[in-house]
1. When only C-alpha pairs under 8 Å and at least 6 residues apart count, what is the relative contact order of segment 1-122, in percent?
2. Out of every Cα-Cα pair in segment 57-114, what percent are more than 14 Å apart?
3. Apply the Kirkwood formula to segment 221-261: the hydrodynamic radius equals the inverse of the mean of 1/r over all pairs of different alpha-carbon atoms; give it in Å with one decimal.
4. Suppose every Lys and Arg Cβ carries +1 and every Asp and Glu Cβ carries -1, with no other charges. What dipole size does the chain come out with about its Cα centre, to the nearest 20 debye?
5. For a footprinting-style exposure proxy, rank Ser161, Ser302 by other Cβ within 10 Å, fewest first.
6. Hey, what's the per residue convex hull volume over the C-alpha atoms of segment 209-353, in cubic angstrom?
7. In bins 20 Å wide, starting from 0, what share of all Cα pairs of the chain does each bin hold, as a percent?
8. Need the C-alpha centroid separation for segment 266-299 versus segment 68-90, integer Å.
Amino acid sequence: MSTGRTRAVQLTRWGGPPILTEAPRPTPTAEEVLIQVEAVGLCRSDLHVIDARPGDLPYRIPFTLGHEVAGRVVRRGPLAVGPATGERVVVYGPWGCGSCARCAVGAENYCDRRAALDADRAGTGAGLGRDGGMADLLLVPSGRLLVPVGDLAAVQAAPLSDAGLTAYHAVATVRRALGDDPAASVIVLGVGGLGHLAVQILRATTNAQVLAVDVREAALALAEECGAHFGTLLQPDTAATLRRLTGGVGAVAVLDFVGSRSSLELAVDVLRTGGELAVVGSGGGELAVRKPGALPPGARISLPFWGTLPELEAVVSLAHKGLLTVEVERFPLSSAPEAIARLRSDEVRGRAVLLPD
Ligand SMILES: [Zn+2]
Ligand SMILES: [Zn+2]
């Protein structure tokens, strides 16, 4: 890395592909903080960004990809708050206005001014319309968006900021329904980057029976390693199998990390009366809501998006206690195109993480 430039994987035109290029080295002003990137996770939503057509997303191009970032504070603006120079941190990815009621409690994922920010094409966060962490350096708008990680390995810390946080937030939306009942069942659909962490979070923070479903044998093996009580391939009789395993009544909660037509169909089929369905994945499936209809009486549906700053602190704490381990495949930053291709063909086990080389 030359002193005046930083390497960056940028989206320079809609429809991609992203290219590894050089960008000017950023200098933090006011509240900004400069991070030396140690690791950056690759997420399925990066594929949605890369594949977007002009006008699909409220972003200006070019910008650097990467919204799952861990690194070290190397320089702070004169008004910066939060972690000191030299501290190792994970970057909270959804960047809101920083001052509305939601942002004030750390829920920038649900910023009240999101529509106005989108209208201004201000970006949704790091790597989402703003320069992200697939680079040697990342400029963060404020230290409020940083959570210290201490000596946690960077490849473990980076995926916590989205895969870990989004899984934790999804579990949080159904935690009350699960209660402490050891007979309560929760079904996890899709055991990829997020799902394998959801299984661990469910085991660490609830007493529920965890049933996992995927279309890949390797993903089911990972679910078992993560503590799932039962795993099954998606087959024509999967709904019947899951109903039998839940005593014929269905699951108290279903976490759908796929969000496709087939996963939503299964979710509705196996949801208990009064059960909770959290749709996390953006797989393009649609759900018809009608009374009476396919959804059971009393069903509740949520669309959790990412998570809050306090939840990111809780996720980091679980990782420090050894209760959360991310299954990672490492790639050098310069191999970002190969990593993206592997994710696209569903070959990544757990999370793909890029390391500046
Ligand atoms: Zn993501
Ligand atoms: Zn806000």
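Read the figures in this text as sums done on the coordinates, not as results from a lab. Keep in mind that what you see is a predicted model, and the values were worked out from it rather than measured. Note that each Cβ is placed from the backbone with ideal geometry, even for glycine, and that neighbours are counted across all protein chains shown.
1. Relative CO of segment 1-122 lands at 23 percent.
2. Percentage above 14 Å: 68.
3. 11.7 Å
4. Computed charge dipole of the chain: roughly 560 debye.
5. Ser302, Ser161
6. Convex hull volume per residue, Cα atoms: 140 Å³.
7. In whole percents, the pair-distance histogram is 31, 57, 12, 0.
8. With segment 266-299 and segment 68-90 each reduced to a Cα centre, they are spaced 42 Å.
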